[in-house]
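Below is one structure, written out as structure tokens; the observations come after it.
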Amino acid sequence: MGPKKGQTGGNKAKLGKQTTQQNAAPEETDQDERLQAIVLSDSYQTRFQPLTLETPRCLLPLCNTPLLEYTFEFLALAGVSEVIVVCCAHADQIQEYIANSRWSNPSSPFTIETVLSPESVSVGDAMRDLDAKGLITSDFLLVSGDIVCNVPFDKVLADHRQRRAKDKNAIMTMVLREASPFHRTRARAESAIFVLDEQTNQCVHYEEIKTRKHMKQISLDPEIFNKHTDLAIRNDFIDCHIDICSPDVPALFTENFDYNHIRKDFVHGILTSDLLGKTIFAHIVTDNYAARVRSLQTYDAVSKDVISRWTYPITPDSNLLADQTFQYQRGHIYKEDGIVLARSCRINSCTVVGAGTAVDDGTVITGSVIGRRCKIGKNVSIRSAYIWDDVTIEDDAIIESAIIANGAVIGASSHVAPGAIVSYNVKIDTNIVVDGNKRLTKYLGEEDKKVDTDAVGADGDGYVYEDASEAEEDDDYEEIVNSSGLVYNMASLNASDTSFSTVSADQAHRKSRRRRVSTASNNTVASEDSDEDSFLREAQASVERAVAENHDLDIAALELSTLRMAKNAQFHEVRAATIAALIGRISHLINSNTLKARAAVESVLNRWGPLFRRQVFDQADQIDFLLLIQRDCTRRMQGSSILLHAINCLYDQDILEEEAILTWWYQDPQRKEDADMVKVGELVPRWLEWLTTAEEESDS
């Protein structure tokens with residue numbers, strides 16, 4: 001975790017160029033060893049409008065903490081000594097925030113300088129501006145002001161510097177987080193193919209995928225195959241645009257005025273140029289967390305990840321701001337001091353409640369973030385929503401999967417539908433339904449300021465916001481609207497079935513399912529089945545060997561990861577193999593009368609359960625994980641007891657979340673697809689009853 005918050009600094013910065021000098025690094029520090037960071041505070045997009053008409057994206061709250069705080073925390077952990085924040089829109093707000101933050105204190109781990117770039121309309125413009133100012137003196141870390149990351153950076157930087165020492169043409173290292181294709185923090189509208197040399201991780205080709213155009217092939221220069229014998233074509237990365245760059249990078253932007261985007265212009269251009277001779281590498285992260293809040297979809301996903309502690313040690317109760325007082329409670333509930341909760345209200349799992357907020361009788365809040373000083377009336381229902389500071393929600397209102405910004409008022413009995421945005425100080429009258437495709441704001445030009453009574457009601461105050469600029473300029477606007485909203489348009493997602501179960505019991509089920517969804521030939525299907533079965537056998541044997549020989553957990557995880565990449569297997573198969581091995585071990589301990597069921601489960605899963613943290617990434621994965629355990633337990637003596645205690649143990653370890661367990665039990669049809677699956681789950685209702693009782697007691 002980064003350093004604990006101190007008091008906010010009292011010195012105000014002047015507009016324009018601003019530097020904190022008190023904590024300047026000693027002069028004797030080797031300039032080449034100091035790490036600069038460039039933070040792009042502007043996204044050069046309109047996806048968060050109308051919110052960003054009044055507040056820069058980097059200062060929007062995520063779990064009641066400005067996004068920029070998460071970025072600075074990452075830079076502190078990465079060992080950065082000098083930060084340059086490039087400001088475009090709302091530069092005055094950003095400068096004021098930094099000047100009054102702990103990062104301007106003498107105890108800050110780095111100096112901060114803000115640079116105005118008011119004319120820039122793209123990343124390329126910002127880089128050219130930096131090059132013209134001559135501020136880059138060494139290799140630097142390039143990030144946006146909207147990242148959440150806990151990746152240790154020592155090895156990433158050391159590998160980059162080692163490559164640079166050998167070859168000055170190695171100008172960039174992209175940090176990419178490995179993830180399943182449907183991981184919730186992947187930006188749906190922005191996907192790409194990376195072609196990497198498997199031996200060196202040199203990126204030899206980059207190409208964006210346009211989902212709407214149903215891209216089925218890419219074109220590679222034949223020369224690539226002459227220079228690189230082993231290539232991997234990868235589409236399983238979360239790309240947060242965290243890059244280590246050499247000082248050549250800004251200069252190359254200056255030389256190429258058509259470079260606007262860092263990936264589709266710069267990286268693609270460098271890799272396809274016959275003249276420049278520059279090389280770009282990837283550093284692939286398989287553990288830890290890295291994500292960027294680049295759309296409303298990822299805002300929702302990253303918020304859930306922070307609440308669920310995937311980002312540890314960066315969690316709400318780490319209290320990144322000096323005046324925060326969050327405390328963690330069971331079920332991923334975080335409460336600040338000074339909140340007032342009526343006796344009959346319910347604060348359910350995965351919820352954050354800020355200081356000074358009052359919640360009245362009968363209100364139920366689930367999976368949501370509530371800001372400070374909010375007033376929430378009686379019998380209100382809030383689910384998967386983001387309520388910022390100083391919001392008033394009157395009696396009987398319903399808010400689902402929406403963002404309600406500072407100072408807004410939601411009238412009694414109104415319904416804000418999933419996907420809606422109610423911007424700053426908008427007032428919704430009583431009995432109004434705000435459709436999910438609506439974005440309401442008060443921030444319009446004087447000539448447009450006529451209250452839209454159809455949208456906000458006769459006594460409301462606000463207007464429907466419509467942004468034509470992105471629709472006109474972006475060829476994939478429809479795709480972005482469908483893919484990057486707060487509620488993802490599931491019709492545009494080609495999701496795979498929640499698949500098969502255990503390694504040994506369900507191979508026929510796997511094959512029949514693949515025949516239903518595959519368009520490949522019978523020979524291809526047979527080959528895929530053979531490869532998959534081979535992986536499952538080898539992976540299960542690997543875990544069994546690790547357990548029997550008491551290997552280090554990291555070594556066991558590394559062996560599984562290496563095998564998965566070698567066999568091009570999916571995380572589903574990794575989970576299936578690991579479950580088969582561990583449940584098999586539990587079953588052996590029980591059947592040999594070594595331990596009773598509960599003790600056997602706890603003995604194995606307390607030691608080896610953390611393996612699943614590297615295999616289970618979102619709610620869909622958790623449901624698949626539960627189905628795999630359930631299926632495996634159908635063929636075990638005392639399978640019902642094993643399933644019950646396994647769920648409890650994995651829940652205590654925060655590997656399984658309450659929401660996923662409830663969805664699996666009450667909504668997933670595969671849980672009861674045959675009599676064996678139903679029978680093995682017969683003890684689970686007892687545990688669910690305990691969970692509900694415990695939650696009610698904690699609320700009271």
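The values are calculated or read from the model by the stated rules, or taken from the named source; none is laboratory data. Bear in mind that the values here come from a model prediction, so they are computed numbers and not experimental data. Methodologically, a virtual Cβ is constructed for each residue, glycine included, from the backbone with ideal geometry; neighbour enumeration extends over all protein chains shown.
Select, from LEU341, LEU296, the only residue that is surrounded by 16 or more Cβ atoms within 10 Å (Cβ to Cβ), among the aliphatic types (A, V, I, L, M) and under 22 Å from the mean Cα position of the chain (by Cα).
Working: LEU341 fails: under 22 Å from the mean Cα position of the chain (by Cα).
Result of the check over LEU341, LEU296: LEU296.
Within region 326-355, track down each residue that is among the polar types (S, T, N, Q) and farther than 23 Å from ILE147 by Cα. Talk me through it step by step, then tell me what you get.
Step one: of region 326-355, the residues among the polar types (S, T, N, Q) are 327, 329, 344, 348-349, 351.
Scanning region 326-355 gives GLN327, GLN329, SER344, ASN348, SER349.
Return only the number of the condition from (1) in contact with a strand residue (DSSP E or B) (Cβ under 9 Å, 6 or more places away or on another chain); (2) assigned to a loop (DSSP other than H, G, I, E, B) that ASP274 does not satisfy.
Here ASP274 meets the rest and fails (1).
What single numbered condition from (1) out of contact with any Lys or Arg (no Cβ under 8 Å at 6 or more places or on another chain); (2) of a type outside the set (Phe, Trp, Tyr); (3) within 28 Å of TYR328 (Cβ to Cβ); (4) free of Cβ contacts under 8 Å to residues at least 60 places away in the same chain fails to hold for GLU659?
(4)
State whether the residues of region 301-309 include one that is surrounded by fewer than 23 Cβ atoms within 10 Å (Cβ to Cβ), part of a loop (DSSP other than H, G, I, E, B) and free of Cβ contacts under 8 Å to residues at least 40 places away in the same chain.
Within region 301-309, none of the residues are surrounded by fewer than 23 Cβ atoms within 10 Å (Cβ to Cβ), part of a loop (DSSP other than H, G, I, E, B) and free of Cβ contacts under 8 Å to residues at least 40 places away in the same chain.
Within region 541-563, track down each residue that is crowded, with 16+ Cβ neighbours inside 10 Å and either outside any helix (DSSP H, G or I) or charged (D, E, K, R) (or both).
Listed by number, the residues that qualify are GLU544, HIS551, GLU559.
Kindly provide the set of residues from region 57-79 that are among the polar types (S, T, N, Q) and under 15 Å from the mean Cα position of the chain (by Cα), ordered by number.
Passing the criteria: only THR71.
Would you check if there is a residue in region 245-263 being acidic (Asp, Glu), in contact with a strand residue (DSSP E or B) (Cβ under 8 Å, 6 or more places away or on another chain) and closer than 21 Å to ASP139 by Cβ? Even if it seems obvious, please write down each step before you answer.
First, pick out the residues of region 245-263 that are acidic (Asp, Glu): 248, 255, 258.
Still in the running and in contact with a strand residue (DSSP E or B) (Cβ under 8 Å, 6 or more places away or on another chain): 248.
Checking which are closer than 21 Å to ASP139 by Cβ leaves us with 248.
Yes, region 245-263 contains a residue that is acidic (Asp, Glu), in contact with a strand residue (DSSP E or B) (Cβ under 8 Å, 6 or more places away or on another chain) and closer than 21 Å to ASP139 by Cβ.
Going through region 615-635 one residue at a time, which ones are crowded, with 20+ Cβ neighbours inside 10 Å and in a loop (DSSP other than H, G, I, E, B)?
GLN615, VAL616, PHE617, ASP618, THR634
Without any contact (Cβ under 8 Å) to a residue 40 or more places away in the chain, out of contact with any Leu (no Cβ under 6 Å at 6 or more places or on another chain) and of a type in the set (S, T, N, Q): is that true of SER295 in this structure?
Working: without any contact (Cβ under 8 Å) to a residue 40 or more places away in the chain: no; out of contact with any Leu (no Cβ under 6 Å at 6 or more places or on another chain): yes; of a type in the set (S, T, N, Q): yes.
So SER295 does not fit the description; no.
Tell me, which residue of region 416-450 that is closer than 18 Å to LEU53 by Cα and aliphatic (A, V, I, L, M) is modelled with the lowest pLDDT?
It comes out as LEU444.
Please verify whether ALA566 is out of contact with any Pro (no Cβ under 9 Å at 6 or more places or on another chain), free of Cβ contacts under 8 Å to residues at least 60 places away in the same chain, surrounded by fewer than 20 Cβ atoms within 10 Å (Cβ to Cβ) and more than 23 Å from VAL678 (Cβ to Cβ), treating the condition exactly as stated.
Numbers: out of contact with any Pro (no Cβ under 9 Å at 6 or more places or on another chain): yes; free of Cβ contacts under 8 Å to residues at least 60 places away in the same chain: yes; surrounded by fewer than 20 Cβ atoms within 10 Å (Cβ to Cβ): yes; more than 23 Å from VAL678 (Cβ to Cβ): yes.
So ALA566 passes the test.
Residues of region 393-411 being over 28 Å from the mean Cα position of the chain (by Cα) and buried (at least 19 other Cβ atoms within 10 Å of the Cβ), which ones? So that I can check it myself, show each step before the final result.
Applying the first criterion (over 28 Å from the mean Cα position of the chain (by Cα)) to region 393-411 yields 393-397, 409-411.
If the condition is that a residue be over 28 Å from the mean Cα position of the chain (by Cα) and buried (at least 19 other Cβ atoms within 10 Å of the Cβ), then ILE393, GLU394, ASP396, ALA397, VAL409, ILE410, GLY411 are the ones that fit.
Which condition does LEU582 not pass, out of (1) in a helix (DSSP H, G or I); (2) farther than 30 Å from VAL353 by Cα; (3) of a type outside the set (Asp, Glu); (4) without any contact (Cβ under 8 Å) to a residue 12 or more places away in the chain, if it passes all the others?
So the condition that LEU582 fails would be (4).
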